[in-house]
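Enquirer: Have a look at this one before I ask anything.
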2 protein chains.
Amino acid sequence: MLKQVIIVRKDLKMPKGKFAVQCSHASVEAVLISDKEKIKSWQKDGAKKVLLKVGNEEELLKYYTSAKKLRLKTVLIKDSGKTFFKKPTITCIGIGPDAEEKIDRVSGKLKII
Amino acid sequence: MLKQVIIVRKDLKMPKGKFAVQCSHASVEAVLISDKEKIKSWQKDGAKKVLLKVGNEEELLKYYTSAKKLRLKTVLIKDSGKTFFKKPTITCIGIGPDAEEKIDRVSGKLKII
């Protein structure tokens, strides 16, 4: 089973719309660097996406590094800071789609949003 | 300027996580049926995504039909109804990326979330 995971900073307290746009950025950018066959297979199974939360930027970057080390397709999303945020702000990361077990080695202990 | 638009039903009162996943589905699925050169150009400009709201399914389907008539790349997202919803439920649509003016002919009057 393939899934995609999006890990978001909860300390930013983003409103619903901002939050959803940041997650969509992570989801799309991770898909666009992923293997096409993997994407097709993931779509066939319902394109599972799981949102997880971390407490702050430092923690988020730790998961980013761990995912990269496992050679998972991973993207870091930085908001340009022109609307809700007053300065450029790292908001979330996107991982995969990839095998559920492989992604869980990175983010298996995080809580779902 | 290229943008992508995601139109979501506000009557469903989805919680933050569910809402963001549905938007991500719409965003990714619309990207995956779009022209590659258009995607690249959209990414270069910051991959603008705009969330808009409608009151119910009937209204959403009206915008879906209008976008299709203009030959905009458009996807309809239906949740399988196994968690938050008790039955399969159409939640949102994704349009583009495409030229801002062209998409605005469909959704220009809708309110941002």
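Enquirer: Is it fair to say A:Ser34 is within 11 Å of chain B (Cβ to nearest Cβ), at pLDDT 95 or above and open to solvent by less than 10 Å² (accessible area, probe 1.4 Å)?
Expert: It is false that A:Ser34 is within 11 Å of chain B (Cβ to nearest Cβ), at pLDDT 95 or above and open to solvent by less than 10 Å² (accessible area, probe 1.4 Å).
Enquirer: In addition: Can you pull out the residues in region B:37-46 that are within 11 Å of chain A (Cβ to nearest Cβ), in a helix (DSSP H, G or I) and exposed (fewer than 15 other Cβ atoms within 10 Å of the Cβ)? Steps first, answer last, please.
Expert: From region B:37-46, those within 11 Å of chain A (Cβ to nearest Cβ) are B:39-40, B:42-43, B:46; that's our starting set.
In the following step, the residues that additionally are in a helix (DSSP H, G or I) were identified as B:39-40, B:42-43.
Of everything in region B:37-46, just one residue is within 11 Å of chain A (Cβ to nearest Cβ), in a helix (DSSP H, G or I) and exposed (fewer than 15 other Cβ atoms within 10 Å of the Cβ), namely B:Lys40.
Enquirer: Still on this structure, please answer the following. Would you tally the residues in region A:50-65 being outside any loop (DSSP other than H, G, I, E, B) and either of a type in the set (A, V, I, L, M) or open to solvent by less than 50 Å² (accessible area, probe 1.4 Å) (or both)?
Expert: Pass one, region A:50-65, residues outside any loop (DSSP other than H, G, I, E, B): A:50-54, A:57-65.
Of the ones still in play, those that are also either of a type in the set (A, V, I, L, M) or open to solvent by less than 50 Å² (accessible area, probe 1.4 Å) (or both) are A:50-52, A:54, A:60-61, A:63.
Final tally of qualifying residues: 7.
Residues are listed down the side, and each one gets a yes or a no for (1) at the interface with another protein chain (Cβ under 8 Å from one of its Cβ atoms); (2) surrounded by fewer than 22 Cβ atoms within 10 Å (Cβ to Cβ); (3) aliphatic (A, V, I, L, M):
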position	(1), (2), (3)
A:Met1	no, yes, yes
A:Pro15	no, yes, no
A:Ala20	yes, no, yes
A:Lys48	no, yes, no
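Enquirer: Another question, if that's okay. Would you mind finding the one in B:Asp98, B:Asp104 that is among the acidic types (Asp, Glu), part of a helix (DSSP H, G or I) and open to solvent by less than 80 Å² (accessible area, probe 1.4 Å)? First the steps, then the outcome.
Expert: Details: B:Asp98 fails: part of a helix (DSSP H, G or I).
Only one candidate passes the filter, namely B:Asp104.
Enquirer: Continuing with the same structure: Could we say that B:Lys82 is in a loop (DSSP other than H, G, I, E, B), modelled with pLDDT under 95, farther than 20 Å from A:Ala26 by Cβ and open to solvent by 20 Å² or more (accessible area, probe 1.4 Å) here? Reasoning before the result, please.
Expert: Working: in a loop (DSSP other than H, G, I, E, B): yes; modelled with pLDDT under 95: yes; farther than 20 Å from A:Ala26 by Cβ: yes; open to solvent by 20 Å² or more (accessible area, probe 1.4 Å): yes.
Against the criterion (in a loop (DSSP other than H, G, I, E, B), modelled with pLDDT under 95, farther than 20 Å from A:Ala26 by Cβ and open to solvent by 20 Å² or more (accessible area, probe 1.4 Å)), B:Lys82 qualifies.
Enquirer: Under 7 Å between Cβ atoms, at least 6 apart or on separate chains: pull out the pairs that start in region B:54-73 with a residue that is over 17 Å from B:Cys23 (Cβ atoms) and end on any residue that is in a loop (DSSP other than H, G, I, E, B).
Expert: Close Cβ pairs satisfying both conditions: B:Gly55/B:Lys10; B:Gly55/B:Asp11; B:Asn56/B:Asp11.
Enquirer: With the structure loaded, tell me whether B:Glu29 is touching a Lys or Arg at 6+ places or on another chain (Cβ under 8 Å), on the phi < 0 side of the Ramachandran plot and in contact (Cβ under 8 Å) with a residue 40 or more places away in the chain or whether it fails that test.
Expert: Values: touching a Lys or Arg at 6+ places or on another chain (Cβ under 8 Å): no; on the phi < 0 side of the Ramachandran plot: yes; in contact (Cβ under 8 Å) with a residue 40 or more places away in the chain: yes.
Criteria not met by B:Glu29.
The values are calculated or read from the model by the stated rules, or taken from the named source; none is laboratory data. Computed from a predicted structure; not experimentally measured. No Cβ is skipped: glycine too gets one built from the backbone with ideal geometry, and neighbour counts run over all protein chains shown. Keep in mind that these areas ignore ligands, DNA and RNA; they rest on the heavy atoms of the full protein, side chains included. Shrake-Rupley method; radii C 1.70, N 1.55, O 1.52, S 1.80 Å.
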